[in-house]
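Student: The structure follows.
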Amino acid sequence: MPQQALVWFKRDLRIADHAPLALAAGADAAVALFVVEPEWLTSPECDAQHVAFMRGHVLALRAALAARGLPLLIRVGSVPTVLSELRRVFDFTHLYSHEETGPGWTYARDRAVGKWCRREGVVWHESPQNGVVRRLNDRSGWARRWQQRMDARQVVVPEQFRGISGLDLGTWPDDLVAQHGHADSRPLPAIGEVAAHACLQSFLDGRGARYRRDLSSPLTAEQGCSRLSAYLAFGSLSMRQVHQGTEAKITALKSLGTADARSMAYHLRGFAGRLRWHCHFMQKLESEPEIEFRNIARSYDGLREDAFDWQRFEAWKRGCTGYPMVDACMRSLNATGWLNFRMRAMLVSFAAYHLWLHWREPGLHLARQFLDFEPGIHWSQMQMQSGTTGINTFRMYSPSKQQLDHDPHGEFIRRWIPEYGTSAYPKPIVDEKTAIREAKNWLYGVRLTAGAKAEAAAVQKKHGSRKSGLPPSGKRRRATRHSDVPRQASLFADEGLS
Ligand SMILES: Cc1cc2nc3c(=O)[nH]c(=O)nc-3n(C[C@H](O)[C@H](O)[C@H](O)COP(=O)(O)OP(=O)(O)OC[C@H]3O[C@@H](n4cnc5c(N)ncnc54)[C@H](O)[C@@H]3O)c2cc1C
């Protein structure tokens, strides 16, 4: 029986290293599909910047696929309905897609698609997209599996497809997008697979030379971090491409043998470790989808929920808390759609401990602000930085210490808070000492109970890393000989992985 293939694109908007495309290339006839889902447009995490970035990627992909003879259809609606309608004009026998670790609505949608495929007799083949393992029973051996997947050869996608012509291609639904309030996006980075590779290349060719040193300050991180997260979240780069590109660069640098090359290799090794973190955190949501909505450690239920102060929340969202480092970071994020890791953690720590806000609403606000919103990383990090995982130390960032360490001359603050230092800038909305003392009392009041301790052991078993995330001590000692990397051990220690 001839095989007729439909490739369903989601957050994997590239051609290279794309297993579903390669599978469809062997079919007797093929078509590609992107569905603009109302469930996405109406979800509380969705923002105009996501829609605009997606639109750009889909249209760029459509052009690139057309050059290979594969039409990319754009449809609007819930996926099972779209599939039923499409099947009337193209009787596909196989549906090819990547696995997705998405928010609850995508999980429900995938179950509905699975049901639809079984009913219609369509074979649905899902390929892994990164290091996340589906139906994982035990975290032991996870890091080894990640390594194997990342080291495996990239999928080669043929130059030509037996694409079906004459189908209605469909257009991006700009009117519908506008109806949902997503018409005007803030400025976006360059879009598409080519731009994503250029970003990776510029990082490996120079921007990453001082990565470990640059990543913590919002002043240096803007250039010194890779800025690949949005491309990874939309799939215009695969994690394997980033991993292999980085490893190849490290090898090349080492073979040069100069002090500069060795130093850069050391910095890129720190970056390479973070790529594993990406999948490590996503694995938590994959293994326990409910953590998008409820505490990872149930012992912490009820601690903050009823105390939610909407006025404090509004001040935090707008960058008007009276804590300049917090406000500058929030305003910068709201304007640009990106912030470095440490400052993201500080924003959440401030919401969770200083303002005593439950993580869900702050998490939704940040999800809309982060162009790179990746649910598995996001919700795991929100909980980790809010102290509700049961297994992580409570990381209470002091905004003034962060300011001292990472913006000592107030450059970043003045850039984002023009009224700083005048009477127009608000007074602190909470007293830091009191807030932190109370937060500690409440949190340790739970953590030290027998129930919380028992639960922590179970959480560690299910989600905890089997590796510390720290570089081996030998490497650490050797690396500290570089004069420009004095603080790397503490960088890893206080941002640690678990
Ligand atoms: C509360 C909170 C929410 C976050 N939400 C997201 C999110 O929605 N999407 C997202 O991609 N990252 C998220 N992060 C992680 C991290 O802040 C971003 O990945 C990073 O800032 C993106 O910039 P970059 O690509 O230049 O990172 P780089 O420093 O260049 O790192 C390279 C890549 O490694 C991965 N990575 C780096 N740090 C982490 C980390 N701590 N945890 C997991 N993966 C990491 C990312 O894929 C990143 O693109 C969050 C962090 C916090 C504290």
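The values are calculated or read from the model by the stated rules, or taken from the named source; none is laboratory data. Computed from a predicted structure; not experimentally measured. Cβ sites come from the backbone with ideal geometry, for glycine too, and all protein chains shown count toward neighbours. These accessible areas exclude ligands, DNA and RNA; they are computed on the full protein's heavy atoms, side chains included. Shrake-Rupley method; radii C 1.70, N 1.55, O 1.52, S 1.80 Å.
Here is a yes/no grid of residues against (1) surrounded by 21 or more Cβ atoms within 10 Å (Cβ to Cβ); (2) outside the structural domain of D260 (by TED's automatic domain parsing); (3) within 11 Å of the ligand (Cβ to nearest atom):
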residue: G206; (1), (2), (3): no, no, no
residue: R212; (1), (2), (3): yes, no, yes
residue: L215; (1), (2), (3): yes, no, yes
residue: Y231; (1), (2), (3): yes, no, yes
residue: S236; (1), (2), (3): yes, no, no
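Student: Still on this structure, I have one more. For the range 300-316, what are the residues that are in a helix (DSSP H, G or I) and under 14 Å from H358 (Cα atoms)?
Tutor: Those that are in a helix (DSSP H, G or I) and under 14 Å from H358 (Cα atoms): Y300, E305, D306, A307, W310, Q311, R312, F313, E314, W316.
Student: Which numbered condition trips up R360, out of (1) surrounded by fewer than 21 Cβ atoms within 10 Å (Cβ to Cβ); (2) closer than 30 Å to A190 by Cα?
Tutor: Looking at each condition in turn, R360 falls short on (2).
Student: Name the residue that is most open to solvent (accessible area, probe 1.4 Å), counting only residues in the range 79-113 that are β-branched (V, I, T) and within 26 Å of the chain's Cα centre (by Cα). Full working, then the answer.
Tutor: Residues of the range 79-113 β-branched (V, I, T): 79, 81-82, 89, 93, 101, 106, 113.
Remaining after also requiring within 26 Å of the chain's Cα centre (by Cα): 79, 101, 106, 113.
Details: V79: 1, T101: 20, T106: 3, V113: 0 Å².
Checking each candidate, the answer is T101.
Student: Hey, can you tell me all the residues within the range 366-403 that are touching a helix residue (DSSP H, G or I) at 6+ places or on another chain (Cβ under 8 Å), away from the ligand (no atom under 11 Å from the Cβ) and not in a loop (DSSP other than H, G, I, E, B)?
Tutor: P399, S400, Q402, Q403
Student: Has the range 324-339 got any residue that is away from the ligand (no atom under 11 Å from the Cβ), within 15 Å of M396 (Cβ to Cβ) and open to solvent by 10 Å² or more (accessible area, probe 1.4 Å)?
Tutor: Looking for residues that are away from the ligand (no atom under 11 Å from the Cβ), within 15 Å of M396 (Cβ to Cβ) and open to solvent by 10 Å² or more (accessible area, probe 1.4 Å), one finds none in the range 324-339, hence no.
Student: A further question on this structure: Look through R134, R153, R119 and report the one residue that is under 22 Å from G26 (Cα atoms) and among the basic types (K, R).
Tutor: Working: R134 fails: under 22 Å from G26 (Cα atoms); R119 fails: under 22 Å from G26 (Cα atoms).
Exactly one residue qualifies, and that residue is R153.
Student: Let me ask something else about it. Determine which member of the set A22, A27 is farther than 13 Å from L65 by Cα and either outside the structural domain of V113 (by TED's automatic domain parsing) or modelled with pLDDT of 95 or more (or both). Quick ask: steps written out before the conclusion?
Tutor: Details: A22 fails: farther than 13 Å from L65 by Cα.
Step by step, each of A22, A27 is checked, and only A27 is farther than 13 Å from L65 by Cα and either outside the structural domain of V113 (by TED's automatic domain parsing) or modelled with pLDDT of 95 or more (or both).
Student: OK, next. Only one of V51, V76 is open to solvent by 10 Å² or more (accessible area, probe 1.4 Å), outside the structural domain of Q244 (by TED's automatic domain parsing), at pLDDT 95 or above and in contact with a helix residue (DSSP H, G or I) (Cβ under 7 Å, 6 or more places away or on another chain); which?
Tutor: On the way: V51 fails: open to solvent by 10 Å² or more (accessible area, probe 1.4 Å).
Within the list V51, V76, the selection yields V76.
Student: Right, something else. When you go through L219, L228 one by one, which is the residue that is of a type in the set (A, V, I, L, M) and more than 24 Å from D12 (Cα to Cα)? If you could, list the steps in order and put the result at the bottom.
Tutor: On the way: L228 fails: more than 24 Å from D12 (Cα to Cα).
Exactly one residue qualifies, and that residue is L219.
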